[in-house]
Amino acid sequence: MKIISSKHDINQLAKQSKASGKSIGFVPTMGFLHEGHLALVKEARQENDCVIMSIFVNPIQFGPSEDYDMYPRDAERDKKLAKEAGVDILFMPSVDEMYKKKQSVKMMVTERTNRLCGAKRPMHFDGVVMVLTKLFHLTIPDRAYFGLKDAQQFAIVSALVDDFDFSVEIVPVNTVREPSGLAISSRNVYLTAEERQKAPALYHSLLLGKKRIAEGETDVTVITDAVNDYLHQHLTAKIDYVELLSFPELETISVASGNMILAAAIQFSAARLIDNIIMES
Ligand code: PAF
């Protein structure tokens with residue numbers, strides 16, 4: 001596995017791979033790798049000749065009161081895991097390397113953003129699409145892999161490549177869960193032992209909502225109320241949102257039908273957890 005920190009070098013390597021007829025699968029991450037990231041690499045490995053992973057904690061997608069400095073980092077462990085998973089090229093740029101100059105042009109996400117996490121994190125997805133635009137240009141991937149735990153990110157990145165005619169296929173990968181149902185996330189390290197025990201209730205509340213829909217309930221308020229009630233009964237964490245929206249447009253609906261996402265976010269003492277189920281009815 002090659003480890004690269006310069007934009008020039010990663011772009012040269014990607015161009016060389018392309019010139020020799022190799023397809024490129026790209027896995028963008030912010031590091032502190034876990035099984036969710038490794039599932040992305042596994043799929044990228046199966047579908048491409050060359051797998052590039054980036055590890056870059058992108059400052060411009062964190063708000064002033066968010067956890068940029070606190071974001072968990074472990075470069076040495078990440079390198080080992082990436083190598084074992086079969087990554088060919090690991091791109092680990094510094095902040096200065098990625099954002100050398102003051103940017104004169106910025107991007108703004110105008111749809112799919114002011115619901116779910118985007119509602120509470122203004123400009124977060126602007127920062128995500130800006131860094132991904134740079135990373136896609138540098139790594140020239142055929143396919144890029146995104147976990148569905150961040151379904152809003154997947155929906156917005158799909159719109160980015162569609163709106164700006166990027167020739168990269170955005171591949172969704174299912175959420176990896178612990179046996180308890182808890183979605184695997186870098187932020188799970190912030191859970192106390194007691195919170196970790198209770199946290200699977202987040203996924204179970206969504207399963208309950210899905211069950212109501214499968215049983216024929218179509219009133220969105222009734223469904224989201226049932227999820228909220230379940231969360232209140234099983235957790236003391238603050239509920240940020242419970243929403244049932246069209247997917248991938250993320251528009252509000254009053255009747256549950258078509259492609260939908262049932263999503264929730266909860267705030268524990270130091271960890272904010274999100275989860276969702278994407279379904280069709
Ligand atoms: O999902 C993430 O880890 C980040 O938002 C991404 C896609 C690597 C962009 O910084």
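The values are calculated or read from the model by the stated rules, or taken from the named source; none is laboratory data. All values derive from a computational prediction rather than experimental measurement. Positions of Cβ are generated from backbone atoms using ideal geometry, with glycine treated the same way; all protein chains shown enter the neighbour counts. Note: accessible area is taken over every heavy atom of the protein model, side chains too, but ligands, DNA and RNA are not part of it. Shrake-Rupley method; radii C 1.70, N 1.55, O 1.52, S 1.80 Å.
General remarks:
- Within the chain, the longest run free of exposed loop sites, counting trypsin sites (Lys or Arg not before Pro) that sit outside DSSP helix and strand states (H, G, I, E, B) and have at most 12 other Cβ atoms within 10 Å, spans 107-281.
- Radius of gyration (Cα atoms) of region 109-180, expressed as a multiple of 2.2 N^0.38 Å: 1.15.
- In the chain, inverting the average of 1/r over every pair of distinct C-alpha atoms gives 19.7 Å as the Kirkwood radius.
- Dipole check for the chain: with +1 at the C-beta of Lys and Arg, -1 at the C-beta of Asp and Glu, and the Cα centre as origin, the magnitude is about 900 Debye.
- Compared with the alpha-carbon gap, the fully stretched path from H34 to S254 is longer by 75.5 nm at 0.36 nm per residue.
- Projecting the Cα positions of M260, V27, V222 onto the charge dipole of the chain (unit charges on Cβ atoms of Lys, Arg, Asp and Glu, taken about the Cα centre) puts V27 furthest along the positive direction.
- Spin-label pair E76-D96: with each label point 7 Å from Cα along the Cα-Cβ axis, the two points sit 2.4 nm from one another.
- Percent of Cα pairs exceeding the 22 Å cut-off, where the set is region 146-281: 39
- Dividing the Cα radius of gyration of region 1-127 by 2.2 N^0.38 Å, with N the residue count, gives 1.15.
- Rounded to the nearest 20 debye, dipole of region 84-197 from Cβ charges on Lys, Arg, Asp, Glu: 480
- Within the chain, helix-based [θ] at 222 nm, where runs of 4 or more DSSP H residues each add -39,500 (n - 2.57), nearest 500: -12000 deg cm²/dmol
- Rounded Å value of the spacing that divides the Cα centres of region 190-264 and region 102-174: 24
- The fraction of accessible area contributed by carbon and sulfur in the chain is 50 percent, rounded to a whole number (1.4 Å probe; ligands and nucleic acids excluded).
- Using Cβ point charges alone (K and R +1, D and E -1), the dipole size of region 154-249 about the Cα centre works out to roughly 580 debye.
- Neighbourhood charge, 15 Å Cβ-Cβ cut-off, centred on G147 and excluding it, Lys, Arg +1 and Asp, Glu -1: 0
- Violating pairs (Cα-Cα greater than 23 angstrom) within the set K18/K134; K198/K238; K42/K106; K42/K100: K42/K106; K42/K100
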